[in-house]
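Below is one structure, written out as structure tokens, with a few remarks after it.
The values are calculated or read from the model by the stated rules, or taken from the named source; none is laboratory data. Because the structure is predicted, anything quoted here is derived from the model rather than measured. For neighbour counting, all protein chains shown are included, and Cβ atoms are generated from backbone atoms with ideal geometry for every residue, glycine included. Please note that ligands, DNA and RNA were not included when accessible areas were found on the heavy atoms of the full protein model with its side chains. Shrake-Rupley method; radii C 1.70, N 1.55, O 1.52, S 1.80 Å.
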Amino acid sequence: MINERMFDLGDEPSAIRELFAYGLARKAEIGDENVFDYSIGNPSVPAPEKVRDTILALMDEDPVALHGYTPAAGDPRVKQVVADHIRKQFGVPATPGNIYLTAGAAAGIAIALAAVTDPGDEVIVVSPFFPEYSTWIGTCGCKRVEVPALVPSFQMDVPAIEAAITPKTSAVIINSPNNPVGAVYTRENLEELAAALERKQAEYGRPIYLISDEPYREITYGKEVPYVPCVYPRTIVCYSYSKSLSLPGERIGYIYVSDLMDDAHDVSVAVAGAGRALGYICAPVLLQRVIAECIDEPSDVEAYATNRRILSEGLRELGYEFVEPDGAFYLWVRALEPDAQAFSDRAKQFELLLVPSDSFGCPGWVRLSYCIARDTIERSMPAFKALKESYQ
Ligand code: PLP
């Protein structure tokens, strides 16, 4: 007998992947340049030159040593580099024992959740949210509790989060800069959340962990992105180099269990156990070495900033309503009818691929990934105009 839940997960369509696959087929049919594909968050900026140089230099090393296993949590030298980097950048006392190198933020969140929850627990997410959170929460046997963000700022509604916390709440997942809305939580908003979590921990006499999903930390347009462990000690950071260094297919990132939490040692041991249980041991070893060399490389956000400007100006002129993004590379646009799926289907007639908002836990919007060629954005404007006119 196969596992029914796993079958359902394997069989379940993902709105993003489906649209991406449709786009590939459609491009083969009518030509790449005729499809305006805003479906997926694959960085359009190349990885820094230093990544290539490092990989080439590594090829001269002894292959047996180079390609061998590292300890489950990663090469101790690389963990030291990551800890030093966190200490230097954020002024927190990060130690290598609380770093676990792993396959991107996806593995990081799955591990963090498994480490701090028991079946039957509740995990709070802020909607709209990254759809895979549901998968990972469900795999832990936990219940997802959604708390809508405030509209139109898309900051966290902290009183609503506090009201949603019960004695079964073990974790809250936050993501800033945010996919899909591009919001960056302000320091005041994070401090308000921290105070609410402290109150509820005291009231229920149990720890509540804040899982901070941070693949877009570096992709910002001038707004401060406060370091969450400095605001709330019981934070587990899930960081990734997928977007900051444009390495999404290479699967590299880390979990940082904040040294500032009083149970950091136990949580790190549980993280190691969860990594072992889920089979996420020894992150891709070449990439571990790349990170050690390239950790100070700046992210190139210039192209995204330009795309953001062109897309926002164009859509504003056409009269679309959207959230001005402070980070990440997504634009959250109000659908022109209540049914986001129907709107996305209509957009396809104009060769516009826009992800409907329902799978993000929020009806009535579409998400546009603007990590694409600038020229595609410019050429898509007549299609957006025609789409709008089709509703008039
Ligand atoms: N969390 C969010 C909000 C994301 O947008 C993504 C990927 O797009 C991930 C996690 C997973 O990223 P990674 O490639 O680091 O696994």
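A compact table of results
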| read-out | value |
| --- | --- |
| 12 Å beta-carbon shell around I55, net charge (K/R +1, D/E -1) | -3 |
| Total formal charge among the other residues, if their Cβ is under 12 angstrom from that of Y216, Lys/Arg +1 and Asp/Glu -1 | -1 |
| Potential extension, L260-L318 segment - 0.36 nm per residue separation minus Cα distance | 16.0 nm |
| Electrostatic dipole magnitude of segment 185-292 [Cβ: Lys, Arg +1; Asp, Glu -1; Cα centre; debye, to 20] | 380 debye |
| Cross-link pairs K168/K200; K243/K388; K88/K200 - those with Cα-Cα distance over 22 Å | K243/K388; K88/K200 |
| Viscosity 1.002 mPa s, 20 °C: Kirkwood-radius Stokes-Einstein D of segment 235-392 over Cα pairs, µm²/s | 115 µm²/s |
| Local net charge near R5, Cβ-Cβ under 11 Å (Lys/Arg +1, Asp/Glu -1) | -4 |
| Accessible area of the chain divided out per residue, in Å², using a probe of 1.4 angstrom | 43 Å² |
| Max mean-square fluctuation residue, GNM over the chain, Cα-Cα springs under 10 Å, options D121, D11, D263 | D11 |
| Radius of gyration, Dmax [segment 112-204; alpha carbons; angstrom] | 12.8, 35 |
| Within the accessible area of segment 1-131 (1.4 Å probe), percent carbon and sulfur | 57 percent |
| Kirkwood hydrodynamic radius of the chain, from inverse mean 1/r over distinct Cα pairs, in Å | 21.9 Å |
| Dimensionless Rg/Rh of segment 230-294 - Kirkwood Rh, Rg from C-alpha atoms | 1.01 |
| Neighbour-limited loop hits for GluC sites (Glu not before Pro), segment 98-183 (at most 15 other Cβ within 10 Å; DSSP other than H, G, I, E, B) | none |
| Kyte-Doolittle mean at least -0.5 and Cα axial length at least 27 Å: DSSP H helices in the chain | none |
| Inverse of mean 1/r across different Cα pairs in segment 141-265, Kirkwood, Å | 15.3 Å |
| Cα-centred dipole magnitude for segment 1-132, charges only on beta-carbon of K, R (+1) and D, E (-1), debye, nearest 20 | 560 debye |
| Relative frequency of Cα-Cα separations exceeding 20 Å in segment 299-392, percent | 31 percent |
| Paramagnetic reach from A373 (point 7 Å along Cα→Cβ, amide N under 18 Å) across segment 318-360 | 351-353 |
| Radius, Kirkwood style, for segment 76-144 when every pair of distinct Cα atoms is counted (Å) | 13.7 Å |
| Beta bridges by DSSP in the chain, antiparallel share as percent, to the nearest 5 | 45 percent |
| Pair I55, C230: separation of 7 Å Cα→Cβ label points (nm) | 3.4 nm |
